[in-house]
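In what follows, a single structure is set out as structure tokens and then discussed.
The values are calculated or read from the model by the stated rules, or taken from the named source; none is laboratory data. These numbers were taken from a predicted model, which means no experiment stands behind them. Cβ sites come from the backbone with ideal geometry, for glycine too, and all protein chains shown count toward neighbours.
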Amino acid sequence: MIIRTIITINLPLPKSTILSSVIRKRIPTFKYFTFTLGSWGVVTVTIDELLPKLVKKVDILLEYNGVKVLDRRVAELLKLIDRYGSILLASKSLGVPYSRAWEWVTKIEYVLGIKVVERRRGGVKGGGTSLTDDGKKLLKYYEDLLKEYGLHELQLKKGFRGIPQLMIAGSHDIVLEVFIGYLRRKYGVDIEVSWIGSSGGLAALMLNETDIATAHLYDEVSGTYNIPFLRNYWLDGKVVVIRGYQRELVFAYHPSLSFSDVDEILEGLVKGEVRLVNRNVGSGTRVLLDTLIRRFCKDHGLNYRDVVSNIRGYGLQVRTHVDVAKAIIEGRGDVGLMLRCSAELYNLKYIHVKWENYDFIILRDRSSKEYVKRFIDELASNELMSLIRRYPGYKVNEELGKVIYS
């Protein structure tokens, strides 16, 4: 692991001059920079005047194989998880979104190949999360480095921001994003949404850290969605599963490319002829993609692990379907598995893969909560139906809003 000592020198823009506002409007993305105002014909600042105003900040950053895994903020998150026994409360105390906290933890575990957080049943009330021995050692290592370099210790705030009235965590969906906006406007409710993937949503339920989980996890053995995965998170008999809607998943690709079918795309990935934009670990889309690659390998007598390690872009992970489409348009990849809606939104070419079920999973003891009940009731509303008709790649059946498991 590489230790980097980061020195940041900040020069705040002057607030008292008219020119300051002009510069801020012309260069809005620069928070701090050195400039000579003489070229603007108003004020000249010399280097001798600037030097005493420079603010120097030194910190420790840990990298592994060139990838950042730990800095002060992430270390503070780990310490707060250890304090509260909850990723949710740790994120609230630190002032970062719940999804961001999950992302940081998942990245450490993925890059280093170790578990730093142990997820146990219990959640906010029972302390459902704790640092593993490896997590504690990593945190101590970072704190020892701060002392060794004479830097400030980790500063933890006391208390945390309020818990929202309704929490939704799980798989990203475009229609749900718009639908949640409608619920906020109609009821004036504080809703927090965390796109942490289908598996992350079920884990959050297990920890009692969300009201509703969204998922589209496909079980290849049974050919069904979501319910077979409940036992993996000790949720059997403790949740109700409510049927959502169906979504069309496609392999989308850059308009300059051409493919005849899914197998040709998979062959191009395996041979390294095209670059993949992947989804985050734990997302239902990632599970399906790995299933497709595994099938292809079996049909062609290939070793799955060897193939995956050689797919260009397999390690490029993004959190939402829209992020996949953006990455392709920006030239960071050639192909990705995503919702048809996202593909059409960005004018990408695409090939149909399958229709999937996107469902809502709720803990039984949360189902009577006011805004959970309202959410369930609104699933049968004309508003949701009109949204589904408005966006391509969506459809419903007579089970929408009905309990399919309890």
Residues located in segment 325-348, provided they are touching a strand residue (DSSP E or B) at 6+ places or on another chain (Cβ under 8 Å) and closer than 21 Å to V111 by Cβ: A327, G333
Top-ranked residue of segment 78-97 - restricted to ones that are part of a helix (DSSP H, G or I) and touching a Lys or Arg at 6+ places or on another chain (Cβ under 8 Å), ranked as farthest from T214 (Cα to Cα): D82
Of the criteria (1) in a helix (DSSP H, G or I); (2) surrounded by 22 or more Cβ atoms within 10 Å (Cβ to Cβ), which one A252 fails: (1)
Which listed residue, of I227, I191, is modelled with pLDDT of 90 or more and within 21 Å of the chain's Cα centre (by Cα): I191
Index of the failed condition, V307 passing every other in (1) within 26 Å of Y182 (Cα to Cα); (2) more than 20 Å from the chain's Cα centre (by Cα): (1)
Counted residues, segment 317-344 - those being surrounded by 21 or more Cβ atoms within 10 Å (Cβ to Cβ), in contact (Cβ under 8 Å) with a residue 60 or more places away in the chain and not in a helix (DSSP H, G or I): 7
Residue satisfying condition, being closer than 25 Å to E267 by Cα and among the hydroxyl-bearing types (S, T, Y), within set Y346, Y394, Y358: Y346
Condition met for A380 (outside any strand (DSSP E or B) and touching a residue at least 24 places away in the same chain (Cβ under 8 Å)): no
Criterion (assigned to a loop (DSSP other than H, G, I, E, B) and loosely packed, with under 15 Cβ neighbours inside 10 Å) met by exactly one of D236, D306: D236
Selection count where residues are out of contact with any helix residue (DSSP H, G or I) (no Cβ under 6 Å at 6 or more places or on another chain), crowded, with 16+ Cβ neighbours inside 10 Å and not aliphatic (A, V, I, L, M), scope segment 345-354: 1
Residue selected from segment 270-291 under the condition among the charged types (D, E, K, R) and surrounded by 21 or more Cβ atoms within 10 Å (Cβ to Cβ), by the criterion nearest to L316 (Cα to Cα): R279
Subset of segment 171-211 (residues that are within 26 Å of R340 (Cα to Cα), among the hydrophobic types (A, V, I, L, M, F, W, C) and part of a helix (DSSP H, G or I)): I174, V175, L176, V178, F179, I180, L183, L202
Criterion: assigned by TED's automatic domain parsing to the domain that holds S194, at pLDDT below 95 and under 21 Å from F251 (Cβ atoms) - qualifying residue of V324, V335, V318: V318
Residue list for segment 214-231, restricted to those being of a type outside the set (F, W, Y) and in a strand (DSSP E or B): T214, A215, D219, T224
Only one of L61, L70, L78, L88 that is farther than 24 Å from V193 by Cα, surrounded by 18 or more Cβ atoms within 10 Å (Cβ to Cβ) and modelled with pLDDT of 85 or more: L70
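Residues are listed down the side, and each one gets a yes or a no for (1) out of contact with any helix residue (DSSP H, G or I) (no Cβ under 8 Å at 6 or more places or on another chain); (2) under 18 Å from T291 (Cβ atoms); (3) without any contact (Cβ under 8 Å) to a residue 12 or more places away in the chain:
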| position | (1), (2), (3) |
| --- | --- |
| E209 | no, no, no |
| I212 | no, no, no |
| Y218 | no, yes, no |
| Y225 | yes, yes, no |
| Y233 | no, no, no |
| F251 | no, yes, no |
| I265 | yes, yes, no |
| L269 | no, yes, no |
| V274 | no, no, no |
